[in-house]
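The values are calculated or read from the model by the stated rules, or taken from the named source; none is laboratory data. Here the structure is a predicted model, which means the values were calculated and not measured. Heads up, the Cβs are rebuilt from the backbone with ideal geometry, glycines too, and the neighbour counts pull from every protein chain shown. Protein only, heavy atoms only, side chains kept; ligands, DNA and RNA dropped before computing areas. Shrake-Rupley method; radii C 1.70, N 1.55, O 1.52, S 1.80 Å.
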Amino acid sequence: MLQPRSPSHEPGRTGRPPAQPTAPVLALVAVLLLLVAGCTAPTPTAGSYRDAAEQTVTDLLSAVGTGVLLVEIHRGDRAFSPYAETTAEDAEDAARSIADTFGTRQPPTAGSDALRAELSPLCDTAVNALADLRIALKRDDSAAVEAAGQTLLAVSSGLSDLEESLS
């Protein structure tokens, strides 16, 4: 009959119990954990919030511009439907990501609230107009494509105005 081996007979074992950390080591570990846990990103400044808004506007203008071009391409029947639909979906996804990223930023000051109040509706309108465009292209609904295009032109104008005021 086989007998279980004692820990001292296992390869790499010395027969001694593992060393226990001493009180000073435990205290040091606790202090290090507290220091690491206390390290958080600094509160954004009004300037960094404004910079983030400016980048959001620039990126959103690109997605909206893609939508406007798709309307023109559709109007001239110059692209295959799968290409136009995929491009509209990509522009919508990009706009949604851009809007979501800005939307999660905390305005650092009461003065930043006005900027948020101006940009957030433009973000929402851009995302919704691009979704409307995607749907209209999928249905090959020219009237709905044109309506989405008008909304995209309006939001593009609003974003351009905001971009100018931020510069």
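Some points to look at:
- Entry comment: accessible area of segment 93-167 is 53 Å² per residue, from protein heavy atoms only and a probe of 1.4 Å.
- Each Lys and Arg Cβ is given +1 and each Asp and Glu Cβ -1; about its Cα centre, segment 41-167 then shows a dipole of about 140 debye.
- Note on ARG75 and GLU146: the model spin-label points, each 7 Å out from Cα along the C-beta direction, lie 1.0 nm apart.
- Checking every one of the trypsin sites (Lys or Arg not before Pro) in segment 57-98 against DSSP loop status and a limit of 16 other Cβ atoms within 10 Å picks out ARG78.
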